[in-house]
Amino acid sequence: MNQIFKRKALESIKPYTPGKPLWEVKEELGLQQVIKLASNENPLGASPKAIEAVSNILNELNRYPDAHAVELKKTIASCLALKTEQLIITNGADELITLISETFLEPSDEIIVPFPSFSEYDFGAQLMGAKVVPVPLDHEYQFNIETTLAAVTAHTKLIYICSPNNPTGTYMPKSMLKELLHSLPKNILVVFDSAYSHFATNEDYTNGLEFVRSDFPIIVLQTFSKIYGLAGVRVGFGAAPESIIQSILHVKEPFNVNSLAQAAASAAITDEEHVNHSKQVNAKGREQLYNALTELGIKYTKSMSNFILIEFGAYAKEVYQKLLALGVIVRYGDIWGLPGHIRISIGTQEENTILIEAISSIFLKLRLVNFKGEVK
């Protein structure tokens, strides 16, 4: 008999469930046309500069990648007014979350996480046997300094802030982040995930990097998967004071980011035309969906990101399933403890139109067309 037992910490871990890929939905439902609005990907595709950079190094795949991603760090540092010593390059932001947990967490430690938010924060802590302390967002999914600080104990080691927050699209204003950093004990690390920062348009938003430059105990997470359209090659980075970066480097695997990803990211971060076009398409798409949802009387939360959290109440799961049957992949909110909601990524104008028509059709069949709600 096999008597190999897993660690007890794994009993509390729920593996991440990704959105359904296009091929799977086509195969399962026998559909020819499917649009994916589930994973907050860039509907315009990858940065053209990144595609060119990847094609130029295909004949070098016999060589190991740069274990320190020197050129990529130099490019990021130049673009963002940082020092290379303040940067760590990782296999997407997901790997960095795990590395942070492995570096700083003991089984007796606690992390504070807003709720609802990205589930990988919990995963990293649970992997190390640490305790997750959820702090609910306000009723309009806004961050609250008082409730966050009230959750701090002698065991608190990390505080996660996702801004704009996944899945709500709400954000933490710069003044609030500044107050949080000044109020916390200096032995608590703030992990500020600004993966969706490029889509934020409000003047009081911050991506957190200014606090890294000022040497606060903060690490900012960024990804190339969203605005740059490089989700398929998995590359991200963290920015923090040098001492924090040096600690994390102790647990980073060598060659964690492949050559194609490094080349693509180095080119993409300089592709201003692609970034600006992506921002414009997203801003117009947000308004297109806001207008349609308001017309239908559907509640939604205004977003600073490239997705919108929509409230369908008791009909949410049925709407999700019917959208899937029509070839529109979205995310059902039960994975965040929001069974009455669906998160919809903002697509191209054409994709958004298909989505709107599908929702309208479903509502007609469910006789829900004229139920009215307030926009949050």
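The values are calculated or read from the model by the stated rules, or taken from the named source; none is laboratory data. This is a predicted model, so every value here is computed, not measured. A quick note on method: Cβ atoms are made from the backbone with ideal geometry, for glycine too, and the neighbour counts reach across all protein chains shown. Surface accessibility is based on the protein's heavy atoms, side chains included, excluding ligands, DNA and RNA. Shrake-Rupley method; radii C 1.70, N 1.55, O 1.52, S 1.80 Å.
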> From the list 189, 181, which residue is within 19 Å of residue 108 (Cα to Cα) and at pLDDT 95 or above?
Replying inline: 189
> Where residues in the range 335-357 are outside any loop (DSSP other than H, G, I, E, B) and aliphatic (A, V, I, L, M), which of them is modelled with the lowest pLDDT?
Replying inline: 335
>> Return the residues of the range 86-110 that are touching a helix residue (DSSP H, G or I) at 6+ places or on another chain (Cβ under 9 Å) and open to solvent by 50 Å² or more (accessible area, probe 1.4 Å); say none if nothing qualifies.
In response: 91, 94, 102, 107
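Take the residues in the range 194-214 that are small (Gly, Ala, Ser), in a loop (DSSP other than H, G, I, E, B) and surrounded by 14 or more Cβ atoms within 10 Å (Cβ to Cβ), then tell me which one is farthest from the chain's Cα centre (by Cα).
Within the range 194-214, the match that is farthest from the chain's Cα centre (by Cα) is 208.
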>> Within the range 111-152, take every residue that is of a type in the set (D, E, K, R) and touching a strand residue (DSSP E or B) at 6+ places or on another chain (Cβ under 6 Å) and give me the one that is surrounded by the most Cβ atoms within 10 Å (Cβ to Cβ).
In response: 122
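Quick one: which residue in 296, 323 is of a type outside the set (Val, Ile, Thr), more than 17 Å from residue 164 (Cα to Cα), in contact with a helix residue (DSSP H, G or I) (Cβ under 7 Å, 6 or more places away or on another chain) and open to solvent by less than 20 Å² (accessible area, probe 1.4 Å)?
323
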> Could you count how many residues in the range 215-237 are aromatic (Phe, Trp, Tyr) and in a strand (DSSP E or B)?
Replying inline: 1
>> Any residue that is over 30 Å from residue 351 (Cα atoms), of a type in the set (A, V, I, L, M, F, W, C) and open to solvent by less than 50 Å² (accessible area, probe 1.4 Å) - is there at least one of those in the range 40-49?
In response: no
> Does residue 83 qualify as being over 20 Å from the mean Cα position of the chain (by Cα) and surrounded by fewer than 22 Cβ atoms within 10 Å (Cβ to Cβ)?
Replying inline: yes
> Do you know which of the residues in the range 27-52 that are in a helix (DSSP H, G or I), over 25 Å from the mean Cα position of the chain (by Cα) and in contact (Cβ under 8 Å) with a residue 24 or more places away in the chain is farthest from residue 353 (Cα to Cα)?
Replying inline: 52
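When you check residue 224 against the structure, is it modelled with pLDDT of 95 or more and over 24 Å from residue 54 (Cα atoms), yes or no?
no
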>> Return the residues of the range 1-23 that are over 30 Å from residue 35 (Cα atoms) and part of a loop (DSSP other than H, G, I, E, B); say none if nothing qualifies.
In response: 1, 2, 3, 4, 5, 6, 7, 13
